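Each reported figure results from applying straightforward, stated rules to the coordinates on display, with no laboratory input. For clarity, every value in this text was computed on a predicted model and none was experimentally measured. Glycine gets a Cβ as well: all are built from the backbone with ideal geometry, and neighbour counts include every protein chain shown.
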Amino acid sequence: MGDLGEIKPRKLWGYFEEICRIPRLSKNEGKIRAYLLDFARKHNLEARKDSIGNILIIRNAAPGKEKIKTVVLQCHLDMVGEKNAAHPHNWDTDPIIPVIDGKWVSASGTTLGADDGIKVLLSFYLLLV
């Protein structure tokens, strides 16, 4: 995999690299849901999954900020899975291989899954700052 953890902000891109390892096409989001619930647990955040698979992660207000309005970030977990015709990618098991080319991040032979993958990560980042 590309070394996304070297791009700034490092924490954000390191999480994106982790998410690239998780297959998450539409109707196959179980692994990414498990990852999100584990992320919340590891960071002592409240998390819930409803009956249709939506995940809610809650960060309590910082001391002294309890009266500030709530911010809600929403994103989808799945990705569009397209690949080059000759690329032997298995969408059920294979990770996305990120490639860094100068200022651009893309994927080797497949779509990157950044359309909302990056929004998931921005949500993580904001939960932890």
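Here the stretch 4-128 carries DSSP beta bridges of which approximately 90% are antiparallel, counting only pairs with both residues inside.
Measuring r between the beta carbons of SER106 and VAL129 and using R0 = 30 Å, the FRET efficiency lands at 0.65.
Nothing charged except the Cβ atoms of Lys and Arg (+1) and of Asp and Glu (-1): what's the magnitude of the dipole of the stretch 4-128 about its Cα centre? Round to the nearest 20 debye.
Details: 19 positive and 15 negative charges, 121 e Å.
Computed about the Cα centre, the dipole is about 580 debye.
Net charge in the neighbourhood of GLY5 (other residues with Cβ under 12 Å of its Cβ; Lys, Arg +1, Asp, Glu -1) is -1.
Report, as a whole number in µm² per second, the diffusion coefficient that Stokes-Einstein gives for the stretch 44-92 at 4 °C and 1.567 mPa s using the Kirkwood radius over alpha carbon pairs. Estimated via Stokes-Einstein, D reaches 87 µm²/s.
Among ARG33, ARG10, the ranking by other beta carbons within 10 Å of each residue's beta carbon, starting with the fewest, stands as ARG10, ARG33.
In the chain, helices alone account for a calculated mean residue ellipticity at 222 nm of -9500 deg cm²/dmol, with every DSSP H run of four or more residues adding -39,500 (n - 2.57). Label point 7 Å out from ALA61 along Cα-to-Cβ: which residues of the stretch 107-129 have amide N under 16 Å? Counting only backbone N, you get no residues. Taking the charge dipole of the chain about its Cα centre, with +1 at Lys and Arg Cβ atoms and -1 at Asp and Glu Cβ atoms, the residue from LEU128, ILE7, ASN84 reaching farthest to the positive side is LEU128.
Quick check on packing: order 13-23, 69-79, 105-115, 42-52 by the mean number of other C-beta atoms within 10 Å, highest mean leading. If you can, show how the numbers build up before the last one.
Details: 13-23: 20.4, 69-79: 12.5, 105-115: 18.0, 42-52: 10.4.
The peptides rank, most packed first, as 13-23, 105-115, 69-79, 42-52.
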